[in-house]
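> Supplied in structure tokens, the structure appears directly below.
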2 protein chains.
Amino acid sequence: MKIGIVGIGLIGASLGWDFRQLGHDVSGVSRQQFTCDLAEREGICDRASCDLASLKDAQIIFICTPIAAIIPTIAQLVPHLQPETIITDAGSVKGAIVDRATALWANFVGGHPMAGNSQSGIAAFEKGLFADRPYVLTPTPTTVPSALKTVDELVRSLGAIVYQTTPDRHDRSVAWISHLPVMISASLIDACLSETDPTILDFAKKFASTGFKDTSRVGAGNPEMGMMMAEYNRDALLQSLYLYRDRLDSLIDSIEHKEWTKIQYLLSKNQAARTDFLNSKDTCD
Amino acid sequence: MKIGIVGIGLIGASLGWDFRQLGHDVSGVSRQQFTCDLAEREGICDRASCDLASLKDAQIIFICTPIAAIIPTIAQLVPHLQPETIITDAGSVKGAIVDRATALWANFVGGHPMAGNSQSGIAAFEKGLFADRPYVLTPTPTTVPSALKTVDELVRSLGAIVYQTTPDRHDRSVAWISHLPVMISASLIDACLSETDPTILDFAKKFASTGFKDTSRVGAGNPEMGMMMAEYNRDALLQSLYLYRDRLDSLIDSIEHKEWTKIQYLLSKNQAARTDFLNSKDTCD
């Protein structure tokens with residue numbers, strides 16, 4: 001197929017590489033000529049350009065820009081496209097994207113490849129990044145069935161495990177396991193910094209080990225991405241945060257009332273639940 | 001020296017091994033004969049017994065039992081000891097231990113080796129476990145200087161990085177970087193389980209990846225140990241939890257009021273602060 005990719009960062013570049021290996025023709029678009037040159041040289045795209053009009057013959061286009069740029073990019077693309085062209089995106093929220101994108105372009109299918117690493121940008125691209133990873137598609141009652149089928153088959157060909165659900169259920173699920181952890185992890189770092197005794201803060205830094213390291217990791221990720229999670233998945237994230245605060249309050253209450261057996265029971269339940277959580281799929285780490 | 005070790009689990013066994021390598025004579029005590037036999041066979045102790053009286057000639061004794069057993073163990077030990085014998089412990093809280101232990105035995109020095117792995121028990125012992133790791137000693141105005149000097153020199157000989165501070169400052173520091181992370185991580189798992197839509201819970205499990213995995217790890221550790229952190233470091237932990245809840249409320253408030261720039265600023269500040277936190281020592285991961 002003739003595949004277009006807008007935004008040649010970690011996700012876009014990794015898609016480009018894999019699709020080329022499968023024999024597809026890949027055209028890339030980036031805002032930066034340097035990235036275009038690199039994408040051609042590295043074999044990520046057959047050709048790359050800063051001009052969205054270069055995608056006029058594409059049969060399917062993957063929008064792999066930051067969330068905030070997805071809708072504006074589609075609006076700029078549509079004057080150049082053939083009516084049968086399919087557009088899909090790679091944004092990590094779907095409710096804020098799908099309806100607006102479909103209003104701009106009927107042949108739109110919302111998507112979210114749940115793959116990545118701790119890096120970003122074209123230099124972080126990985127061959128086979130999507131293999132054995134979830135790739136969520138979020139059709140709505142207005143999604144064109146043939147467009148959904150094409151996107152589904154294409155991402156399956158990357159070795160991804162495809163799930164279909166509504167934009168709302170997608171957003172509420174990722175709020176739990178992706179966006180909420182970022183916020184509670186960020187609040188941990190923030191709270192430590194509120195320690196007013198410099199000696200204790202200094203010892204805390206010296207003693208910090210794997211427990212602090214793991215729990216604080218996602219709260220210190222890309223700040224722009226964290227902000228966009230909050231902005232574009234606000235309702236689902238707030239709902240998770242309210243329930244989280246409720247459970248935290250309950251635990252604080254148990255400690256205040258010295259309910260040690262109750263706390264041990266809670267921790268035992270969590271231990272089993274986490275194992276169940278992480279074993280509910282075979283192939284995603 | 002003639003060294004006694006009570007409690008031949010991960011910490012006790014690792015101490016025993018290292019001390020024997022340094023030429024000391026090591027006597028172990030465990031409640032289980034099986035553990036005693038294993039400790040002798042593996043070269044962890046020169047001899048091991050279920051009888052505390054077997055330590056009557058020890059010059060220094062390391063109490064490496066769970067926190068709740070430290071004071072009762074010392075009370076049972078004292079009738080057997082020479083007055084010059086030094087007792088030290090390996091408990092992860094100090095305020096709840098040091099004064100009571102010192103009242104039982106004047107030659108007591110509070111200690112906390114900040115080393116370990118995800119396992120427990122004698123089978124988890126590691127050679128060189130304490131090398132380049134913090135080892136905190138918590139003298140008080142009544143601590144006998146020569147006892148402190150002996151413990152300090154012994155743990156330094158293991159390659160540990162020795163810090164000295166008050167029991168209170170120790171407990172408040174570890175509340176931040178060890179006990180608070182356990183509680184907020186446990187509340188994350190607990191909150192996810194409160195999701196009432198089974199489809200969303202099922203997707204959350206299927207989509208859970210490294211972000212959820214890392215943030216939930218310490219909340220699913222040994223339930224008995226988590227309970228003891230709460231019980232024996234209650235005051236410092238509650239103080240950290242109150243400050244944490246305050247920072248979480250502030251973040252929730254920012255999301256409610258759509259203060260996106262403020263959130264991005266917070267996340268940027270955290271990113272830098274975490275790097276500073278984890279770089280404040282050269283040799284502890």
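> Looking only at B:Ser30, B:Ser49, B:Ser209, which one moves most when chain B is put into a Gaussian network model with springs between Cα atoms under 10 Å?
B:Ser209
> Please work out the C-alpha center-to-center distance from region A:94-131 to region B:178-205 and express it in whole Å.
For region A:94-131 versus region B:178-205, the Cα centre distance is 26 Å.
> Go through B:Lys127/B:Lys269; B:Lys205/B:Lys258; A:Lys213/A:Lys258; A:Lys206/B:Lys269; A:Lys206/B:Lys127; A:Lys127/B:Lys269 and tell me which ones have a Cα-Cα distance over 31 Å in this structure. Show your work: numbers first, answer last.
Numbers: B:Lys127/B:Lys269 39 Å; B:Lys205/B:Lys258 29 Å; A:Lys213/A:Lys258 28 Å; A:Lys206/B:Lys269 20 Å; A:Lys206/B:Lys127 23 Å; A:Lys127/B:Lys269 33 Å.
Pairs exceeding 31 Å: B:Lys127/B:Lys269; A:Lys127/B:Lys269.
> In nm, to one decimal, how far is the B:Asp99 label point from the B:Arg20 one, both placed 7 Å along Cα→Cβ?
4.0
> A follow-up question, please. With every protein chain present, what accessible area does B:Thr142 have (1.4 Å probe, heavy atoms only), rounded to the nearest 10 Å²?
Looks like 90 Å² after rounding.
> In a GNM of chain B with a 10 Å cut-off on Cα contacts, which of B:Thr196, B:Thr165, B:Thr150 has the highest mean-square fluctuation?
B:Thr196
> Same structure again: Over region A:127-253, average the accessible area per residue using a 1.4 Å probe and give it in Å², no decimals. List each step's numbers first, then the result.
Details: 4300 Å² over 127 residues.
With the other protein chains kept in place, region A:127-253 gives 34 Å² per residue.
> To one decimal in nm, how far is B:Ser280 from the same spot in the other copies, if labels go 7 Å from Cα toward Cβ? Please give the shortest first.
The answer, with the shortest distance listed first, is 3.7 nm.
> Could you order B:Glu84, A:Glu224 so the one with the most accessible surface comes first? Probe is 1.4 Å.
On the way: B:Glu84 125, A:Glu224 85 Å².
Solvent-accessible surface, decreasing: B:Glu84, A:Glu224.
> Connecting C-alpha atoms closer than 10 Å in a GNM of chain B, tell me which of B:Pro141, B:Pro223, B:Pro198 has the biggest fluctuation.
With Cα springs under 10 Å in chain B, the top fluctuation among B:Pro141, B:Pro223, B:Pro198 is at B:Pro198.
> With a 1.4 Å probe and every protein chain left in place, work out the accessible area per residue of region A:58-108 in Å², rounded to a whole number.
Values: 1790 Å² over 51 residues.
I get 35 Å² per residue for region A:58-108.
> Determine which chain B residue has its Cβ at minimum distance from the rotation axis mapping B onto A, giving the value in whole Å.
Closest to the rotation axis on chain B: B:Asp214, 2.
> Which value, in square angstrom to the nearest 100, describes the accessible area buried between chains B and A on both sides, using a 1.4 angstrom probe?
Numbers: alone 16020 and 16000 Å², together 22460 Å².
Its buried surface, counting both partners, is about 9600 Å².
> Along Cα→Cβ at 7 Å, what distances in nm separate the A:Glu153 label point from those on the other copies, shortest first?
Ordered by increasing distance: 8.0 nm.
> Hey, can you list the residues from region B:212-239 whose accessible area shrinks by 50 Å² or more with all protein chains present, relative to the chain by itself (probe 1.4 Å, no ligands or nucleic acids)?
Residues of region B:212-239 that lose at least 50 Å² of accessible area once the other chains are added: B:Phe212, B:Lys213, B:Asp214, B:Thr215, B:Arg217, B:Ala220, B:Pro223, B:Met227, B:Arg234.
> Now, a different point. Please find the FRET efficiency linking B:Gln33 to A:Met225, where r is the Cβ-Cβ separation and R0 is fixed at 60 Å, and quote it to the nearest 0.05.
Working: r = 56 Å, r/R0 = 0.93.
Given R0 = 60 Å and the Cβ-Cβ separation, E is 0.60.
> Calculate for chain B the 222 nm mean residue ellipticity that helices alone would give, adding -39,500 (n - 2.57) per DSSP H run of length 4 or more and normalising by residue count, nearest 500 deg cm²/dmol. Mind dumping the intermediate values first?
Values: 12 runs with 145 residues, N = 285.
My calculation for chain B gives -16000 deg cm²/dmol from helical runs alone.
> For the protein assembly as shown, with all protein chains present and a 1.4 Å probe, just round the carbon and sulfur fraction of the accessible area to a whole percent.
Numbers: 11240 of 22460 Å².
Within the protein assembly as shown, the accessible surface is 50 percent carbon and sulfur.
> In nm, what does the list of distances from B:Arg31 to its counterparts in the other copies look like, shortest first, when each label sits 7 Å along Cα to Cβ?
Nearest first, the other copies' label points are 6.3 nm away.
> Related question: Please give the helix A:198-207 orientation as an angle from the longest Cα principal axis of chain A, in degrees from 0 to 90, rounded to the nearest 10.
It works out to around 70 degrees.
> In addition: Given a 1.4 angstrom probe, what's the average accessible area per residue across region B:12-56, in square angstrom?
Values: 2170 Å² over 45 residues.
Here the residues of region B:12-56 average 48 Å² of exposed surface.
> Could you tell me whether chain B comes out rounded, prolate or oblate from its Cα gyration tensor? Rule is a ≥ b ≥ c as square roots of the eigenvalues, rounded for a/c under 1.5, then prolate if a/b exceeds b/c, otherwise oblate. Provide the component values of the computation, followed by the final result.
Working: a/c = 2.27, a/b = 1.87, b/c = 1.22.
Taking the square roots of the gyration eigenvalues as a ≥ b ≥ c, chain B is prolate.
> On a 0 to 90° scale, report how tilted helix A:234-256 is relative to the longest principal axis of chain A, with both axes built from alpha carbons and the result rounded to the nearest 10.
20
The values are calculated or read from the model by the stated rules, or taken from the named source; none is laboratory data. The shown structure was predicted, so the numbers you read here are calculated from the model rather than taken from an experiment. Because the Cβ atoms are built from the backbone with ideal geometry, glycine has one as well, and the counts that use them run over all protein chains shown. Areas reflect the complete protein model, heavy atoms only, side chains present, ligands, DNA and RNA absent. Shrake-Rupley method; radii C 1.70, N 1.55, O 1.52, S 1.80 Å.
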